[in-house]
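**Student:** Take a look at the following structure, please.
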Ligand code: PEP
Ligand code: CO
């Protein structure tokens, strides 16, 4: 209904973004190949359905009222090469385990939203990158994600290739197909001990108090599960009907708009590449192409809010994206950095609260906390991530708003990309298994520990 009025007001269409300035626009050389890719994408079946999208919107609306919590997480940049069963399974498992810990801590249902099945397009601070090839320093286009070009530093790999949009779609479809089959086949079944095993702390260098706290929490979660099991089949079945929604940054508007359609028996236009597309920090200009595209679709939309945002600008953005004040429609994903959140979050919370616009507040404690080691490696410190989260919770308490979700970059693998946590790598260990082509992710143990800390903080233990 809302997009009908958006359409009438100022002629929105799935292509109207083309008349606006597009930050982070990809420059393809072969325009015919772009058109071929677009036509192909437009003819292929959708990756998700409007029914699922509306269900997620309902769940976000519940989270806005404090009745639910949103856990969003996954890779910074998914790669086509990582479309492998063990990688996908590991991601589901860590999100499932974190959600269990959070359900216990928050006493609320948790909606799991993966940064997966399409997180293939990356904004970059610089459109080009200098490097050495064959002994010479040269400048090439930056790597914009597997939807656009390849990460290897050579001219062929870095040339934007329109057919990668179709390949990205195909890999998203394969990923989703596997996820849906796993869930149907009882992946999250309570009898699958591996998935409910929360003993990450056994080999960690923890203080005795912290170890006792984690062990207590693990035992209560396990007790809760056994209790559910004892209640009988119905509850167990409910628990095993675990859902995962998908999300990605809706950066490449050629890709997103090609899969944007009307559906039978519902009003408006749905972007069917994912349930929850979001607008990144670098593309949230009010008069830019991304805001124009996103204001017309029915999906719930995320918007990253960084340290340069001001309260009036954020309110204007929310009004533009959600003129009908639909609950569950806009999720503001704040990523200020531990050093700035204390000063900059409160005015934004106050401004939006005073405007009466309905939003879900989420915290992304990753993207404002990037640092470089002495050796020049991109990393993030577990303590900064936790500090931003804890400060955000305090500030929400003070202002009288509430945090309804979190957004993490993480993986189920044993990578060494972020430093810290009770068993995490130090700066000198980062080279051991640094696999991200983009930002550093929390590894399996760091992710679970963060969930324990967040749950413990919220329950006051
Ligand atoms: C991201 O989420 O990977 C990202 C680039 O975030 P932001 O837009 O907040 O910088
Ligand atoms: Co990132």
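Taken together, the values in this text are just the output of simple stated rules run on the coordinates, not laboratory data. Keep in mind the model is a prediction, meaning the values are calculated, not measured. Note that we place each Cβ from the backbone using ideal geometry, even for glycine, and neighbour counts take in every protein chain shown.
**Student:** Just grab the label-to-label distance for residue 308 and residue 58, each label 7 Å out from Cα along the Cβ direction, in nm (one decimal).
**Tutor:** So the label points at residue 308 and residue 58 sit 4.0 nm apart.
**Student:** Using a Förster distance of 35 angstrom, determine the FRET efficiency expected from the C-beta separation of residue 226 and residue 203, and round it to 0.05.
**Tutor:** 0.90
**Student:** What spacing in nm lies between the two simple spin-label points modelled at residue 39 and residue 319, each 7 Å away from Cα in the Cβ direction?
**Tutor:** Modelled inter-label distance: 4.3 nm.
**Student:** Here's another thing I want to ask about it. At a 10 angstrom cut-off on C-beta neighbours, averaged per residue, how do the peptides 260-266, 274-280, 311-317 rank from highest to lowest?
**Tutor:** 274-280, 311-317, 260-266
**Student:** Contour minus end-to-end for residue 184 and residue 398, with contour as 0.36 nm per residue of separation and end-to-end as the Cα-Cα distance?
**Tutor:** Separation in residues times 0.36 nm, less the Cα-Cα distance, equals 72.8 nm.
**Student:** Here's something else I'd like to know. Quick one: pull the percentage of alpha-carbon pairs in the range 26-172 with a separation above 28 Å.
**Tutor:** Working: 3983 of 10731 pairs.
Tail fraction, whole percent: 37.
**Student:** Order 415-424, 75-84 from most to least packed using the mean count of other Cβ atoms within 10 Å.
**Tutor:** Those peptides, ordered most packed to least, come out 415-424, 75-84.
**Student:** Also, quick follow-up: Quick one: go through the range 143-160 and flag any residue whose amide nitrogen is under 12 Å from the point 7 Å out along the Cα-to-Cβ line of residue 133.
**Tutor:** 143, 150-160
**Student:** Considering Cα pairs under 8 angstrom that are at least six residues apart, work out the relative contact order of the chain and quote it in whole percent.
**Tutor:** Numbers: 876 pairs, mean separation 101.5, N = 461.
Taking the mean separation of contacting Cα pairs over the length of the chain, I get 22 percent.
**Student:** Let me ask something additional. Over the residues of the range 181-334, compute the C-alpha Rg and express it relative to 2.2 N^0.38 Å.
**Tutor:** 1.44
**Student:** Further, regarding this structure: So if I take the alpha carbon set of the chain, get Rg, then get Rh from the Kirkwood formula, what is the Rg over Rh ratio?
**Tutor:** Taking Rg over the Kirkwood Rh, I get 0.95.
**Student:** Continuing with the same structure: If you average 1/r over all unlike Cα pairs in the range 389-428 and invert the result, what Kirkwood radius do you get in angstrom? Could you put the intermediate results ahead of the total?
**Tutor:** On the way: mean 1/r = 0.0785 Å⁻¹.
Answer for the range 389-428: a Kirkwood hydrodynamic radius of 12.7 Å.
**Student:** Regarding the range 53-117, what whole-number volume in Å³ per residue does the convex hull of its Cα atoms give?
**Tutor:** About 84 Å³ per residue, rounded to a whole number.
**Student:** Can you tell me the FRET efficiency between residue 23 and residue 353 if r is taken as the Cβ-Cβ distance and R0 is 30 Å, rounded to the nearest 0.05?
**Tutor:** E(calc), rounded to 0.05, equals 0.60.
**Student:** Shape call for the range 132-201 from the C-alpha gyration tensor, a ≥ b ≥ c root eigenvalues: rounded (a/c under 1.5), prolate (a/b greater than b/c) or oblate?
**Tutor:** oblate
**Student:** Students often check this: by mean Cβ neighbours within 10 Å, which of 224-230, 183-189 ranks highest, and how do the rest follow?
**Tutor:** Most protected by this proxy first, the peptides run 183-189, 224-230.
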